[in-house]
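Notes for the one structure printed next.
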Amino acid sequence: MHQNLDFSHERDISIDDLVRRVEAYYPEANFTMLRKAYHFAEKAHLGQKRSSGEDYIIHPINVAATLIRLRMDLDTIVAGLLHDVVEDCNVSPTEIEREFNQGVSDLVVGLTKISKIKFKSKEESQIENFRKMVVAMAKDLRVIIVKLADRMHNMRTLQYVSDEKQKKIAQETLDIYVPLASRLGINSVKSELEDLCLRFLKPEIYYRLAEKVSMKKSERDTYIREVITTIKEKLFEYSLHTEVKGRPKHFYSIYKKMTARGVDFEQIQDLLAFRIIVSNITECYKALGIIHSSFTPIPGRFKDYIAIPKVNNYQSLHTAVIGPRAERIEIQIRTNEMDEVAEAGVAAHWKYKEGLAGKSAPKLDWVQELLEYNKNSDNTREFLDVIKNDIDLDGVFVFTPKGDVRELKYGATPLDFAYEIHTEVGHHCVGAKINGKIVPLRHILKSGDSIEILTSKTQAPSKDWLNIVKSSKARSKIKQWLLKIERDENRELGRDVLEKAFKVFGTNIKALKKNNEFKELFDKEHISDEEEMCVLVGSGKFTAKQILEYIPSLREAVSKQETTDIEKITEIESYSNKMTKNVRNKTHSDNAIEVDGMSDVMVRMARCCNPIPGDGIVGFITRGRGITVHTTACNRVDAETLIRTIKVSWNKGFSFTHPVTVRVMTQDKPGILSLISKTINNCGINIRSAMAKSMPDRKGSFIFEIEVKDYSELLKTISNIEALEEVISVTRV
Ligand code: MN
């Protein structure tokens, strides 16, 4: 409440100021690194301007200044200075790690990730997801603290952006960042953000409050001094030496009170708040007793947050009394430590402490950190439960390339994500890039992953996918697809068989339909239309002969059983059987594999280990599903399943390549085409064609058609191209 941490936008801070401020609480800090970070950021942002027209560097400096006020450790302050250089200046995290250290680089990477989040929907659940996700993904809480400092400065300079943007950013701040600050107990940041939000979201209320509160300012200041003196004297009578501070309450808390009680400003009486700081808990209650016996307490306003701290660890006694001039005043009583926690919350953890100097901040899991922090509190259980509810998520929260957040089940794979985006994306998914790295379909996603799905027009779902996906949505989409494909195949096959059979009798489906010849068949067998009839024949549920017997105009001819016709129909039936087998084989077999002593058997490659020619392999007999080929090293090959194995081998004469098109975006440098071509050739891959295009922004775009044997060869080729320094991205087209 009190402006211990009196934040405001500072226009003229030099690096010397920053050094001096850090020195004040952390004299052994690595000032060389601090200065280096400042000059690094200054250089990186050179020429960039803020909306206010000021040089951009004013922003990171203010962010660092806030972090210094929160007494954060040096890595965090340095990260504050560098927080925008990856996003805005194309500095690579590797460079930051090289110039500074990995801790700083990790913080900046975390911040860059958060900055990519876009807030699309106002939906409450979405907002809650963002909040949880931000917490879950920031393995290091300091990322959130820097983010809050960043947002704080942006809010302080919000008047320089358009009205529309002001509203959007202020709403986002109120929805996401205020609750985060509150959750982490950083009240100094929370209160200021709230007031700033009010200013931009409800300017009429804000300025009215500002006007009222600032009215008769000198008179009020006199009054505040008077109350402070009175309180101090009362406490002194009982030999309590205290620090007492007073100030007008935050606008936002007045506004909240007004809306909660449905009253006007005039009716809100306790506009002043005082804080008494004592040295221990006993003195807190002693001071409370003195206050309550010296002034008239207002019933129902006493709250004991010392006995029962708030979930964010906030501790204090709150009360309201009738002050010396018969005006209501609010009083908070707490110890010094409680006051620090109240202002800086979890940030107080990194505060410089004697003996800690020179050591880096403890790198604990944040939950553990909060628990450690709360060790002395009595209601650890309750605290734990709240924390658990907050962050013990069943889900993982991941980013789309555009920065949207999606929640997926724990254990979800890129395939789940692909189906979450769109059914078609799922059906054609061949793999994914996570945080820029290619991973297989089976990869388990983690919160905070940025996922880009790789698709191919020729890809289609297979039954193995049902073992890869976790979500019921993806599962049912795959099942639907498999059923539809089977149905399509059966329908085409059935149509083919029937047309051939009808042709024997000089007719066809179209003509028979026109003459309404199917009516009896459809009625008696409950078939809805010709399509279903074809499916039933294709799937073997009806033979062509059975269908023929239902057609009135053909019944006689069929029953005459003329030898030639019967022969023809038998021939058609056997053709039908053969076709069924062919269709099955076409869908599932892989001629790259020879199965010991068997021919014409369904063979599929296991997706878990994706065997490629050269791997040691073994076949599993799966009932009704033919043979699945695993590598011998695959961890799904265990003793139990070994019983059902069959010897399989690679078909040596078998070789096929698959044309694939990839687009490579590069920096436009001479010789880049030959460099990429060489890289592809070095992978043993043939290039069918190559096309180059210069882009206006000094980027080059190349389209290569290459021939690969299998997917893994493609992945290898893509990652080799990606490893080239000049290459920006490689995508499969
Ligand atoms: Mn920023």
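The values are calculated or read from the model by the stated rules, or taken from the named source; none is laboratory data. If you're wondering where the values come from, they're calculated on a predicted model, not measured in any experiment. For neighbour counting, all protein chains shown are included, and Cβ atoms are generated from backbone atoms with ideal geometry for every residue, glycine included. Heavy atoms of the whole protein, side chains included, go into the accessibility calculation; ligands, DNA and RNA do not. Shrake-Rupley method; radii C 1.70, N 1.55, O 1.52, S 1.80 Å.
A few remarks follow.
- Summarising the label geometry, the points placed 7 Å from Cα in the beta-carbon direction at Arg35 and Ser51 lie 3.6 nm from one another.
- Region 427-554: C-alpha gyration tensor shape, a/c 1.5 cut-off, then a/b vs b/c: prolate
- Rounded FRET efficiency, nearest 0.05, which uses the C-beta distance separating Thr645 from Ser162 and R0 of 51 Å: 0.15
- FRET E, pair Ser476, Ser701, Förster distance 35 Å, beta-carbon r, rounded to 0.05: 0.35
- Extension reserve of the Asp529-Lys693 stretch, reckoned as 0.36 nm per residue once the Cα distance is removed: 53.8 nm
- Scalar couplings 3J(HN,Hα) for region 680-693, obtained by applying the Karplus form with A = 6.51, B = -1.76, C = 1.60 to θ = phi - 60°, are 5, 4, 5, 7, x, 9, 7, 9, 7, 7, 9, 10, 10, 8 Hz; x denotes Gly and Pro.
- Of Lys446/Lys709; Lys513/Lys541; Lys202/Lys257, pairs whose Cα-Cα distance is over 23 Å: Lys446/Lys709
- Pairwise label distance in nanometres, Asn90 with Asp16, each label 7 Å out on the Cα-Cβ vector: 3.6 nm
- Nonlocal amide H pairs with Leu454, under 5 Å, H built at 1.01 Å: Val430, Gly431, Ala432, Lys433
- Probe 1.4 Å, accessible area per residue of region 212-349, Å²: 47 Å²
- Take the Cβ atoms of Thr296 and Arg208, set R0 to 22 Å, and the FRET efficiency comes out at 0.15.
- Each Cα pair under 8 Å and six or more residues apart adds its separation to the average, and for region 15-201 the resulting relative contact order is 18 percent.
- Measuring nothing but how far apart in sequence close Cα pairs (under 8 Å, 6+ apart) lie, relative to its length, region 212-349 scores a relative contact order of 23 percent.
- Extending 7 Å from Cα along the Cβ direction at Ser462 and again at Leu201 yields two label points whose distance is 5.2 nm.
- With 0.36 nm allotted per residue and the present C-alpha distance subtracted, the Asn435-Gln667 stretch has 81.5 nm of extension available.
- Prolate/oblate/rounded call for region 154-281, Cα gyration tensor, a/c under 1.5 rounded: prolate
- Each Cα pair under 8 Å and six or more residues apart adds its sequence gap; the mean of these over the residue count of region 662-733 is a relative contact order of 46 percent.
- Prolate/oblate/rounded call for region 212-349, Cα gyration tensor, a/c under 1.5 rounded: oblate
- Take region 394-469 with all the other protein chains still there, run a 1.4 Å probe, and you get 41 Å² of accessible area per residue.
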